[in-house]
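The values are calculated or read from the model by the stated rules, or taken from the named source; none is laboratory data. Every value quoted in this text rests on a predicted model; they were computed, and no experiment measured them. Because the Cβ atoms are built from the backbone with ideal geometry, glycine has one as well, and the counts that use them run over all protein chains shown.
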Amino acid sequence: MKKGIRSFIAASVFAAASASMAVSAAEPNEQVRSLVDSYKKSSGAQSFSAEEGRKFFNSKRTHSVKKEERSCTTCHTTDPRQPGKTIVGKVIEPLAPSVNKERFTDPEKIEKWFKRNCTWVLERECTPREKGDYITYMMSL
């Protein structure tokens, strides 16, 4: 076989393998789309930003009383596709729906965890805009 043909075949095989390894962004179910739409309506946003969600996820804040630094990454790591750990050492499954199909499928769980985690990190509940950007970021991974 000629060198040119071998190179072409090798490049084609590599391209096909690379394409099959790519993970597409997750698509929320109808209930979650409805929840995100309610965030749009509440916030007045036309759309949400994965980049703003990424910034929010990585932002560090200092707790007003305990003076400790907190962020989403405190427990979830800087890569939401990886498992994290609570402050007491309990393993947390990855946040990104691309690797954890259970994430962002149940609106009640979404709201429960936003309330708990936003209160811990921000000392307040998240705004609808923050929630929409956050979910958009997670769905983009």
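Assorted remarks:
- Filtering region 77-136 to residues that are surrounded by fewer than 18 Cβ atoms within 10 Å (Cβ to Cβ) and at positive phi leaves 77, 89, 123.
- Any hit, region 65-75, residues being surrounded by 10 or more Cβ atoms within 10 Å (Cβ to Cβ) and closer than 21 Å to residue 36 by Cα: yes
- Any hit, region 115-134, residues being at pLDDT 95 or above, assigned to a loop (DSSP other than H, G, I, E, B) and aliphatic (A, V, I, L, M): no
- Given (1) at negative phi; (2) loosely packed, with under 11 Cβ neighbours inside 10 Å, number of the condition residue 57 does not satisfy: (2)
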